[in-house]
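Notes follow the structure.
The values are calculated or read from the model by the stated rules, or taken from the named source; none is laboratory data. Since this is a predicted model, take the numbers as computed values, not measurements. Neighbour counts are summed over all protein chains in view; Cβ atoms, including those assigned to glycine, are modelled from backbone coordinates with ideal geometry. Protein only, heavy atoms only, side chains kept; ligands, DNA and RNA dropped before computing areas. Shrake-Rupley method; radii C 1.70, N 1.55, O 1.52, S 1.80 Å.
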Amino acid sequence: MDFLQIIVGRVLLEYLGAFVRYLYLSLRCLLNDDDFTTFSSIWSPTGSNKKKEGNSSLNHMIGVIFFGTLIILLIIFNT
């Protein structure tokens, strides 16, 4: 059961990171008239496995940072 929880947690953190990256790119697109980026290009880009792995690790890292920041803010504002 622990193995399943680790896999699901990793996928959720990666999805959270992709969602945060998508929001950032969408806001940047609105403010600067840049090209629009779809969520599917952030979540699972086409191309080589090296590019997919790099994108996955970047999504995971951003998800961990965002989740950690959220937890710290919850601790600060609830005390």
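Shown for the chain: the carbon plus sulfur share of the solvent-accessible area, taken with all protein chains present and a 1.4 angstrom probe, equals 69%. The string of couplings for the range 49-56 from the Karplus curve (6.51, -1.76, 1.60, θ = phi - 60°) is 5, 5, 5, 5, 5, x, 5, 5 Hz, one whole number per residue in order, with x for Gly and Pro. Here the range 3-78 is treated with +1 on each Lys and Arg Cβ and -1 on each Asp and Glu Cβ, and its dipole about the Cα centre works out to around 240 debye.
In the chain, helices alone account for a calculated mean residue ellipticity at 222 nm of -29000 deg cm²/dmol, with every DSSP H run of four or more residues adding -39,500 (n - 2.57).
In the chain, a dipole from Cβ-located charges (positive for Lys and Arg, negative for Asp and Glu) runs towards its positive end, and of Cys29, Thr79, Ser44 it is Ser44 whose Cα lies farthest in that direction. Its Cα gyration tensor gives the chain an equivalent ellipsoid; the semi-axes, largest first and in whole Å, are 25, 21, 8. Ser56: net charge of surrounding residues, Cβ under 13 Å, Lys/Arg +1, Asp/Glu -1, itself excluded? After counting each charged neighbour, the total is +3.
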